[in-house]
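Only one structure is covered here, and it is reproduced in the block below.
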Amino acid sequence: MMTLPDCIRTVEDPSGYFVYHIQHPAVTAKVSGHGAHVMEWTPSGQTHGVLYLSPQAIFGVGKAIRGGIPICWPWFNAHATDTTKPMHGIARIQSWELLRADAQERHVTLLFRLQSSPETRALWPHDFVCHLGISLGAQLEVSLMTQNLGAEPMIVTEALHTYLSVGDIQRTTVRGLAEARYLDTVGEPTQRQQDGDVIFDREVDRQYVSTAGVVIDDPTWERKIIVDKLGSGTTVVWNPWIEKSKRLADLPDEDYKRFLCVEAANAGEAAVRILPGGQHVITTSVSVQG
Ligand code: TA6
């Protein structure tokens, strides 16, 4: 077992995987080795955690944790041809290896690795190595690097599926997507164009064609959350609203009011083609004002 900085405590979950509890002057956080999943992140000075984590999240082999930042890779949403394969790919339900953990004066960094195996090849016929770099401090930064170790090109869709905690979804707005084209996947998938800020008065499940950062305005908790990104051509915005929340066993019925997802992604026309020996990096950064 590698030596960890004093500010990181390892707790073994009953499901047998490790959760890293970080208690640092600049930040409090939890990261699970299952899925290399940032579950909680609270910069010092913030009353409310910035990431939403469902109190009914299921921790188990083959299960995705509801909340935090699930890593959706190497496909986003359902598999293109085989619906028996896991939703949102394999990365978020695999156990990742913690390679390094460092604590600096103002932040903590973790580096995880996932390598192809007979188990992953059974689901996705490619040889790869992925690294996930996480920097936690006043700002959160998550970078997913994919390297193609095989002899064939690989096509990847992906999302850093960030759940953000808000005081009241009905008073929350997302700024920075005005005029952007998007695929509305609520009901029959339909191409639309965004008019002004994104508001939440119904189920929202949209894949915006955008490389821009956005600002989430949360007047209830008097704070703004800034989500920026690199290597991402799609911004996914999701809130399940009332009916879908009731259908999700790992989400309290009323908790649609308490979060939204703003995801740095590559989906649809932004799918990434990685040549043999090539690599691709997608990064999301989150910071808070107020
Ligand atoms: O955030 C976009 C989305 O694809 C939604 O359609 C919804 O399914 C969400 O991801 C959550 O997916 P999950 O498999 O984690 O329940």
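The values are calculated or read from the model by the stated rules, or taken from the named source; none is laboratory data. As the structure is a computational prediction, the values presented were derived from the model and not from experiment. So basically every Cβ, Gly included, is an ideal-geometry build from the backbone, and we count neighbours across all protein chains shown. The area values use the complete protein model at the heavy-atom level, side chains included, leaving out ligands, DNA and RNA. Shrake-Rupley method; radii C 1.70, N 1.55, O 1.52, S 1.80 Å.
Within the stretch 70-112, being among the hydrophobic types (A, V, I, L, M, F, W, C), out of contact with any Asp or Glu (no Cβ under 9 Å at 6 or more places or on another chain) and buried (at least 16 other Cβ atoms within 10 Å of the Cβ) holds for Ile93, Trp96, Leu98, Ala101.
Would you list the strands (runs of 3 or more DSSP E) that sit entirely within the stretch 1-73 and hold 1 or more residues that are of a type in the set (Asp, Glu) and in contact (Cβ under 8 Å) with a residue 60 or more places away in the chain? Write out each step before concluding.
Values: elements: 8-12, 18-24, 27-32, 37-43.
In the stretch 1-73, there are no strands (runs of 3 or more DSSP E) which contain 1 or more residues that are of a type in the set (Asp, Glu) and in contact (Cβ under 8 Å) with a residue 60 or more places away in the chain.
Pairing each residue of the stretch 148-171 that is in a helix (DSSP H, G or I) with any residue that is open to solvent by less than 20 Å² (accessible area, probe 1.4 Å) and more than 16 Å from the ligand (Cβ to nearest atom), provided the two are 6+ apart or on different chains, yields C-beta distances under 8 Å for Arg171/Asp218. Residues of the stretch 81-94 include at least one that is away from the ligand (no atom under 16 Å from the Cβ) and either touching a helix residue (DSSP H, G or I) at 6+ places or on another chain (Cβ under 9 Å) or free of Cβ contacts under 8 Å to residues at least 24 places away in the same chain (or both).
Look at the stretch 11-49 and say how many of its residues are among the hydroxyl-bearing types (Ser, Thr, Tyr), modelled with pLDDT of 95 or more and within 23 Å of Leu144 (Cβ to Cβ). It would help to see each step written out before you state the result.
Initial filter on the stretch 11-49 (among the hydroxyl-bearing types (Ser, Thr, Tyr)): 15, 17, 20, 28, 32, 42, 44, 47.
Filter once more, so that each one left must be modelled with pLDDT of 95 or more: 20, 28, 32, 42, 44, 47.
Still in the running and within 23 Å of Leu144 (Cβ to Cβ): 20, 32, 42.
Count: 3.
Mind listing whichever residues of the stretch 208-239 are of a type outside the set (Asp, Glu), closer than 19 Å to Asp168 by Cβ and either open to solvent by 30 Å² or more (accessible area, probe 1.4 Å) or more than 16 Å from the ligand (Cβ to nearest atom) (or both)? Those that are of a type outside the set (Asp, Glu), closer than 19 Å to Asp168 by Cβ and either open to solvent by 30 Å² or more (accessible area, probe 1.4 Å) or more than 16 Å from the ligand (Cβ to nearest atom) (or both): Val215, Pro219, Thr220, Trp221, Arg223, Lys224, Ile225.
Taking residues in the stretch 240-262 that are near the ligand (Cβ under 10 Å from one of its atoms), and partners anywhere that are open to solvent by less than 80 Å² (accessible area, probe 1.4 Å) and of a type in the set (Gly, Ala, Ser), the pairs with Cβ atoms closer than 7 Å and at least 6 places apart or on different chains are Asp250/Ser54; Asp250/Ala57; Leu251/Ser54; Leu251/Ser245. Scoring Ala249 on the criteria (1) open to solvent by less than 60 Å² (accessible area, probe 1.4 Å); (2) among the aliphatic types (A, V, I, L, M); (3) assigned to a loop (DSSP other than H, G, I, E, B) leaves a single failure, condition (1). Could you please find all residues in the stretch 159-175 being closer than 17 Å to Trp96 by Cβ and touching a Leu at 6+ places or on another chain (Cβ under 7 Å)? Leu160, the sole residue that qualifies. In the stretch 15-29, is there at least one residue being within 15 Å of Tyr163 (Cβ to Cβ) and more than 15 Å from the ligand (Cβ to nearest atom)? The answer is yes; a qualifying residue exists. Among the residues here, Cys130 does not qualify as assigned to a strand (DSSP E or B), within 16 Å of the ligand (Cβ to nearest atom) and either at pLDDT 95 or above or open to solvent by 40 Å² or more (accessible area, probe 1.4 Å) (or both).
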